Number of protein chains: 2
Amino acid sequence: MSAAKQGHLMIIGGHEDRSEDMTILQRFIDLSGGSDANIVVISAASRVPDDMWAMYDQAFGTLGVENRVHLEMNSRLDTSNSAILDKLAAADGIFFTGGDQKRLLANIGGTPFDAAIHSAYVQRGACIAGTSAGASAMSGHMLATGRAGLQPEKGTVSLGAGLGLLHGVVIDQHFSERHRLARLLTVVAQNPYLLGVGIDEDTALIVKRGAGIEVCGQGAVTVLDGHAMFSTMADVSSGDCPQLVDVRLHLLPPGTHYSAGASNVPAALLPFLNTVTRAIADHEADHKADHKDRHEA
Amino acid sequence: MSAAKQGHLMIIGGHEDRSEDMTILQRFIDLSGGSDANIVVISAASRVPDDMWAMYDQAFGTLGVENRVHLEMNSRLDTSNSAILDKLAAADGIFFTGGDQKRLLANIGGTPFDAAIHSAYVQRGACIAGTSAGASAMSGHMLATGRAGLQPEKGTVSLGAGLGLLHGVVIDQHFSERHRLARLLTVVAQNPYLLGVGIDEDTALIVKRGAGIEVCGQGAVTVLDGHAMFSTMADVSSGDCPQLVDVRLHLLPPGTHYSAGASNVPAALLPFLNTVTRAIADHEADHKADHKDRHEA
């Protein structure tokens, strides 16, 4: 299980194949340590958690995972249930289903359960995967609501506090399929500090903690970097389309892989690569300290 | 009619309003010299040229244009018809309808009629407008065929020779409405020398010859600049999605206007502004020389 020791995030754009090739789910199992790994499924984003579990129970079963379990959380109280926390503490792979990322955060944000997920990733090197809403929930700043219009529109997206497993990015999913470029441009125009990351369906951005990135699946990962942009966002009226000049767009198809610090990384990709890899350790240290203070106070 | 002396291009993304506010069509009339101007409509891109003319006949009539005429071209022979060429020689405004840009070029490309359009623009300062296929046809390199998939795909777009009223760009239309970003990224990835220009419906990019640009209408103009990009296009297989890093994206909403050489132009926009304004005169001189050689030889 040496591959898992590093800790991985799998940020999946939704609709990953669950019955045919199952490329993404197989990769999740591999990064969790193989079919002997302990896999837990968290369906707290969904209003039909049992249906979600049934779907992944079948898929992971087909892929030969014996030790798979549903962490049922029917209320925020369940997040301090010691039986659930024990299962989480033994997990090699943690899978967040789709649903609504606001519901997920309302259920688990800031709880001992949330802290245990961070520990699993940072201290035990578990693989944390999230699809659709589970993907959006991973970053510190989370896309909470947003209209996917034809052009960017000031004031039509809002952010919330996500799980904070990575920072400096906002994640959108079903990206090409639901034509969400204008929405992600709106996020970046409103929040130029953040990089926009759009992930297509049946596609995953894999972050190897502190070490590198990889893209796998069928679609692509689109990155929008507005650090250098000229923007009229501050001056246009609510609902209007801003002028944006020099948004840097990166398109990363399956097979893309870069190691932090490697010499083959295109310079323009460094802000993204550094943000999702090297910066995590620092933010995590802060985050853990915060949690420690809060929960041990 | 001083406004018209400079020569303008109106590159319209299709579906311009023809019955309500008619912002785009009114602007075309203004740039042609007002309601007293001689307006000609060229429907040679369309397989239903009479329907096209009926539509614009009504719209321009409603807007008070008395001197409006349909230049009917039923074959390539008509392009040297002296009665048609006389009407074209008197035109203050020339409007290309939609249809198929390949059909338009097959009908008029390289003819005396084509040369007369260049003269109207460059020497007489006429306004040349084209919508949908008529917009795509304006550039020297013209988007001929292309699949609008979810991701860019190598080998799925092809270019042809357009009218050459501007150079260094490829124009796509119905851009946001038909979700053509991936297609335009494919164009730029295959042809990094060219800037991709995507124009939304009921929206026009106005080029004041040699002097500046403006955007009017309801949508936006998207520019993709791949000059600085890292790309794997040369190495991926046909049909595969390339990795693209550092494509510069500009989004220009209605109201955007920049003069060539002005101090307020964002640096990253200069390649686009210079390409569609200053470069034209040089290319035109070459183009005219070519035509002169060809037709006077």
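Read the figures in this text as sums done on the coordinates, not as results from a lab. All figures in this text were calculated on a predicted structure; none of them were measured in a lab. Cβ placement follows ideal geometry from the backbone for every residue including glycine, while neighbour counts extend to all protein chains displayed.
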Which percent, nearest 5, of DSSP beta bridges in the protein assembly as shown are antiparallel?
60 percent
Result: in segment A:2-296 the number of Lys pairs with C-alpha under 20 Å apart, spaced 8 or more or on different chains, is 4
Count, for each residue of A:214-226, the Cβ atoms from other chains sitting within 10 Å of its Cβ, then give me the mean as a whole number.
2
Cβ-Cβ FRET estimate between A:Ser19 and B:Ser263, R0 fixed at 51 Å, reported to 0.05:
0.30
Over all viewing directions the Cα convex hull of segment A:62-113 casts an average projected area in nm² of 4.2 nm²
Row for segment A:134-203, column shape: gyration tensor on C-alpha, a ≥ b ≥ c, rounded if a/c < 1.5 i.e. under 1.5, prolate if a/b over b/c, else oblate; value oblate
Note, segment A:176-181: 3J(HN,Hα) by Karplus (6.51, -1.76, 1.60, θ = phi - 60°), whole Hz, Gly/Pro = x, goes 6, 5, 9, 6, 9, 4
For a paramagnetic label modelled at 7 Å from the Cα of B:Leu77 toward its Cβ, which residues of segment B:111-126 fall within the zone defined by backbone nitrogen distances under 19 Å?
B:111-114
Calculated on alpha-carbon atoms, Rg and Dmax of segment B:61-204 in Å
16.1, 49
Using the Cα centre as the reference, give the magnitude of the dipole from point charges on the C-beta atoms of chain A (Lys, Arg: +1; Asp, Glu: -1; all else neutral), rounded to the nearest 20 debye.
480 debye
Quick check: net charge around A:Asp36, other residues with Cβ under 11 Å of its Cβ, Lys/Arg +1 and Asp/Glu -1?
-2
For B:Ala106, which inter-copy label distances result when the label point lies 7 Å beyond Cα on the Cα-to-Cβ vector, reported in nm to one decimal and in ascending order?
5.9
Let's see if you can work this out: charge +1 on each Lys and Arg Cβ, -1 on each Asp and Glu Cβ, no other charges. What is the dipole magnitude of segment B:1-155 about its Cα centre, in debye to the nearest 20?
580 debye
Among rounded, prolate and oblate, which fits the protein assembly as shown when a ≥ b ≥ c are the square roots of the eigenvalues of its C-alpha gyration tensor, a/c under 1.5 means rounded, and a/b larger than b/c means prolate?
prolate
If you take the beta carbon distance between A:Ala228 and B:Arg124 as r and set R0 to 51 Å, what does 1/(1 + (r/R0)^6) give as a FRET efficiency, to the nearest 0.05?
0.75
For chain A, find the longest principal axis of its Cα atoms and tell me its angle to the long axis of helix A:23-32, 0 to 90°, nearest 10.
60 degrees
Sum of side-chain charges, B:Gly14 neighbourhood, beta-carbon under 12 Å (Lys, Arg +1; Asp, Glu -1)
-4
If you count the DSSP beta bridges with both ends in segment A:2-296, what percent of them are antiparallel, to the nearest 5?
55 percent
Considering the options B:Ser80, B:Met233, B:Gly7, tell which one lies farthest towards the positive end of the dipole of chain B, charges being +1 on Lys and Arg and -1 on Asp and Glu at the Cβ, about the Cα centre.
B:Met233
From the label point of B:Ala54, set 7 Å along Cα to the beta carbon, how far off in nm is each other copy's matching point, shortest first?
5.6
Determine one quarter of the surface area of the Cα convex hull of chain B, which equals its mean projected area, and express it in nm² to one decimal.
14.9 nm²
Got the A:Asp17 label distances to the other copies yet, label 7 Å along Cα→Cβ, in nm, shortest first?
4.7
